[in-house]
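One structure below.
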Amino acid sequence: MPFQLSNKPTFKYKVKVKQARDAGKLEEFEFTAEYKRLDQAAIKDVLALTSEQIFRKITEELWVGWVVGEIKALDGSNLEPSAEGRAAMLLEPGVPQALMNGWMDAVFFGPAKN
């Protein structure tokens, strides 16, 4: 397949969240995160930040949403991308780390092969 340049302001990428569940087992969940698309100069600027600053940049600025229907609220309804939804997601153990790992994978490595 030929490479196609993109002028879209965002891109979507599957992220995996691991959380401890009953019986001490880790369960893996997946959802599609949406991130702002950066050019190479902006990516370089992000990488010049400290680890903590990179973490905040990704979770507070570069992560802009998710695919509706892939995340459920506490009442079982679809969690909509909103300020409240983002805040709830960032409180969930493993989600902020998954968002950071997802952005790094998407920008530098691509999905891992089995």
TODO: Filter segment 13-37 down to residues that are over 12 Å from residue 104 (Cα atoms) and among the aliphatic types (A, V, I, L, M) and give me whichever is nearest to the chain's Cα centre (by Cα).
DONE: 33
- [ ] Answer yes or no: is there a residue in segment 41-64 that is in contact with a Gly (Cβ under 7 Å, 6 or more places away or on another chain) and at pLDDT below 95.
- [x] no
Open item on the list: Go through segment 38-58 and report how many residues are without any contact (Cβ under 8 Å) to a residue 12 or more places away in the chain, more than 26 Å from residue 91 (Cβ to Cβ), of a type outside the set (Gly, Ala, Ser) and assigned to a helix (DSSP H, G or I).
Closed with: 4
- [ ] Please identify the pairs in which a residue from segment 67-96 that is part of a loop (DSSP other than H, G, I, E, B) has its Cβ atom under 8 Å from the Cβ atom of a residue that is of a type in the set (Gly, Ala, Ser), counting only partners at least 6 apart or on another chain.
- [x] 71/85; 73/85; 73/88; 79/73; 79/85; 79/88; 81/65; 93/20
Task: Within segment 1-11, tally of residues that are at pLDDT 95 or above and either surrounded by 14 or more Cβ atoms within 10 Å (Cβ to Cβ) or hydroxyl-bearing (Ser, Thr, Tyr) (or both) - done: 2
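The values are calculated or read from the model by the stated rules, or taken from the named source; none is laboratory data. All values reported here derive from a predicted model rather than from experimental measurement. Counting neighbours? That spans all protein chains shown, and the Cβs are built from the backbone with ideal geometry, glycine included.
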